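One structure is given below, encoded as structure tokens.
The values are calculated or read from the model by the stated rules, or taken from the named source; none is laboratory data. Keep in mind that what you see is a predicted model, and the values were worked out from it rather than measured. No Cβ is skipped: glycine too gets one built from the backbone with ideal geometry, and neighbour counts run over all protein chains shown.
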Amino acid sequence: MAEKNTPRAQQLHVPVRPDEKAAIEKLAATTGLPVAAYLRNVGLGYQVHNILDRDRVDELARINGDLGRLGGLLKLWLTDAPHTAQYDERLILALLSKIENTQDKMQEIMRTVVIPKALR
């Protein structure tokens, strides 16, 4: 086997139909690799992994921050601090509901990040 620093001068030409070309390009894009690198890795038996949708991961991070702030508010209320006496049970139940809804939203986004688009 050649050294890793040896330039790749040899090329393989593989005839494909237009639909096969599109499918290979789409699969390569899901891994973040150029088509040549994707095909080389697959051909050599390496396991290729999909990259995460960075926008969705950022959205999950924002939602996680929201959950942290909501949890902080709930913790503050549970401490029985004098300045939280104004909050009644309805507000706390609304806060718990919002936390639950936020968790549901987070789970839905996680499903779209983890489950490949072809299977959705």
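Conditions (1) of a type in the set (S, T, N, Q); (2) assigned by TED's automatic domain parsing to the domain that holds Met110; (3) loosely packed, with under 13 Cβ neighbours inside 10 Å, marked per residue:
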{"site": "Arg8", "(1), (2), (3)": "no, no, yes"}
{"site": "Ala22", "(1), (2), (3)": "no, no, yes"}
{"site": "Leu27", "(1), (2), (3)": "no, no, no"}
{"site": "Gly32", "(1), (2), (3)": "no, no, no"}
{"site": "Gln47", "(1), (2), (3)": "yes, no, yes"}
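Report yes if some residue within segment 85-108 is surrounded by fewer than 10 Cβ atoms within 10 Å (Cβ to Cβ), among the β-branched types (Val, Ile, Thr), without any contact (Cβ under 8 Å) to a residue 24 or more places away in the chain and out of contact with any Pro (no Cβ under 6 Å at 6 or more places or on another chain); otherwise report no. No, segment 85-108 has no match at all.
Test of understanding: among Glu25, Glu59, which residue is among the acidic types (Asp, Glu) and under 20 Å from Ile109 (Cβ atoms)?
Every option except Glu59 fails the conditions.
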